[in-house]
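Every number in this text was worked out from the coordinates using simple rules, so none of it is lab data. These numbers come from a predicted model, not from an experiment. All Cβ positions, even for glycine, are placed from backbone atoms using ideal geometry, and neighbour counts span all protein chains on display.
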Amino acid sequence: MRRDASRIMIVFWILAAFVIGSGYKGNLIAMLALPKIKLPFDNLEELVESKIPTYVPVGSLVLQSIMEAPPDTILYKVEAQLVPSVPSIPKAIEMLINGDMAILTSLQVFWSVIHDHFRKTKTCPLYIASKKFFEASSIGLAFPKGSPLKARIDPM
């Protein structure tokens, strides 16, 4: 009886070691097989260094910030590589997907572009730089017509 219990413990020990070893080996192989991707830029400084033409939507806060930036800032340097005009937003997105330019816009807008492109093509050739350029966020509130809450929110 005692001998059977020790055999069962040994079998469980070997099985556990095999499962843990297989998982560890699989993770190591996955890390070795993972391709290293060199992105053209991941922050605003690298975007300026890359000299990639950049589109900023007209009338956006981003464009206003670039135009008002002091000469010694990185935003001022971005102005030199701005694409002067694009006929339409769909054309700008097409040029972005073709790799002709980068787009500087809000994260919400870009997520929408990525989602829409993936929905249509089931591919995702785009990426979002991991370093944020602007830390602003906005919140929209909706009220029914004639709501008493509107008067309380308007001063904010």
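Note on the chain: helix-only mean residue ellipticity at 222 nm, from DSSP H runs of 4+ residues weighted -39500 (n - 2.57) and normalised by residue number, equals -15500 deg cm²/dmol.
If you model the chain as an ellipsoid using its alpha carbon gyration tensor, with each semi-axis the square root of five times an eigenvalue, the axes come out at 50, 27, 17 Å, biggest first. A cut-off of 5 Å between modelled amide H atoms, ignoring neighbours fewer than 5 places along the same chain, links Ile103 with Tyr55.
Using R₀ = 41 Å, calculate the FRET efficiency as 1/(1 + (r/R₀)^6) where r is the Cβ-Cβ separation of Met67 and Cys124; round to 0.05. Efficiency, from the Cβ-Cβ distance: 0.80. Approximating the spin labels as points 7 Å out from Cα along Cα→Cβ, the Trp111-to-Glu79 distance works out to 3.2 nm. Measuring between their Cα centroids, the range 117-133 and the range 22-42 lie 20 Å from each other.
Relative contact order, whole percent, for the chain stands at 21, derived from Cα pairs under 8 Å and 6 or more residues apart. Result for the chain in a Gaussian network model with C-alpha springs under 10 Å: among Leu28, Leu39, Leu82, the largest mean-square fluctuation is at Leu28. Working note: Karplus 6.51/-1.76/1.60 with θ = phi - 60° gives the range 118-131 the couplings 5, 4, 7, 10, 6, 10, 9, x, 9, 9, 10, 4, 6, 8 Hz, where Gly and Pro are set to x.
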